[in-house]
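Structure first, then comments.
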Amino acid sequence: MHVVTQASTYAVLMGDLVKSERSEAPSDLHVRFNQAIERQNHARRKLLASPLTITLGDEFQSLVTSFTVAAAIARDIRLELLNAGIDCRFALGAARLTTPLNTQRAWNMMGPGLSATRERLNEKKSNSLYRFVVPEDPVLETLLEASGAMLTSIERKWSDVQRRDITALLEGEDVNAIAKRRNVSVHNIYKVRASGDYDLYVIQWHAVHEALAALDRKFEMKGAG
C-alpha cells in the first residue's frame, strides 16, 4: 500500500451476484465468479488502481483509473456470467480517497463516493442492474441511470440464442462468421440481431461511454480522449 501524494479521483466499481443464496450449485457459481473477476484483473491490470477484490463471497469492488474502462469491465463480467446463467448487478461512482491507496486489495480505504456507491448498489427497490453515482452532476447521473435501466430491460428479454449471438457481435465476430459457426443463414443472424434489439443496445452503451468519457476528461483520467 502506498500513500497518495495528490488529490486522487478514481472510478469505483462495485458488483454483486443476484440471489446467489438461492443457487442450486453454489460451488460452480463461486468458481465462475472468481474466474470472471480474475480474467478482468489480468486483462485490465494496467488500468486498475486497486484490483477487483471479492469481499463477501458474492460481492466485489475495485478502483479504476478510467470511468469508461470501469463500465467496460462491468459489461464484460455481466455478459460472461449471464452466458453461464448467473445474474449480477453493478454500481459505478466517483471516489476521492482521503486515505492511502491500497494497490494490492480494494479494501481498507475511505473517501467521498465509496459509501454512496455501496448504498446505490444495495438499493433493492431498483430493478436496474447498472447503477451510477455522479453527485457533482445530477443531470448526467439521471441520464446514466436511464441508460442503465434500458440496458437491463433489453438484456432481460434476450433468449439464449439472442444472448449468445449478441455477445459474439459485441466481441467483434461478424455476422457471416456467426452464421457459418451456427450453420444457419446470414438472414437468420440478422433476424436474431433485430429481435434482440442489438442496435438499441449498442446505442445505449455508446451513450454511457460518451457520458463517462466526459467524466474521464473532467478528472483528467487515463480514459480521457
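The values are calculated or read from the model by the stated rules, or taken from the named source; none is laboratory data. Computed from a predicted model, the values in this text were never measured in an experiment. Using ideal geometry, Cβ is built from the backbone for each residue, glycine included, and neighbour counts are taken over all protein chains shown. Surface areas here come from the heavy atoms of the whole protein model, side chains and all, with no ligands, DNA or RNA. Shrake-Rupley method; radii C 1.70, N 1.55, O 1.52, S 1.80 Å.
How would you classify region 75-138 from its alpha-carbon gyration tensor, with a ≥ b ≥ c the square roots of the eigenvalues: rounded for a/c under 1.5, else prolate if a/b is greater than b/c, otherwise oblate? The shape class here is oblate. Given the pairs 157/180; 125/157; 125/222; 19/222, which span a C-alpha to C-alpha distance of over 30 angstrom in this model? Pairs exceeding the cut-off: 125/222; 19/222.
Residue-wise HN-Hα couplings along region 84-99, as the Karplus relation 6.51 cos²θ - 1.76 cosθ + 1.60 with θ = phi - 60° gives them from phi, are 9, x, 10, 8, 8, 9, 9, 9, 10, x, 10, 10, 10, 5, 10, 10 Hz; Gly and Pro carry x.
Shown for region 1-150: the carbon plus sulfur share of the solvent-accessible area, taken with all protein chains present and a 1.4 angstrom probe, equals 53%.
Rounded to the nearest 20, the size of the Cβ-charge dipole of the chain about its Cα centre is 260 debye, with Lys and Arg at +1 and Asp and Glu at -1. Kirkwood hydrodynamic radius computed over region 1-118 comes to 14.4 Å, based on all pairs of distinct alpha carbons. Anisotropy class assigned to the chain is prolate, per the alpha carbon gyration tensor with a/c at or over the 1.5 cut-off and a/b larger than b/c. Around the amide H of residue 55, modelled in the peptide plane, lie the amide H atoms of 60, 61, all under 5 Å away and 5 or more residues distant in sequence or on another chain. Each Cα pair under 8 Å and six or more residues apart adds its sequence gap; the mean of these over the residue count of region 1-87 is a relative contact order of 37 percent. Screening the chain for whole DSSP H helices with an alpha carbon extent of at least 18 angstrom along the helix axis and a mean Kyte-Doolittle hydropathy of at least 0.5 yields 67-82.
Remark on residue 131: its backbone amide H falls under 5 Å from those of 90, 91, 92, a criterion applied only to residues 5 or more positions apart or on other chains, H modelled at 1.01 Å from N.
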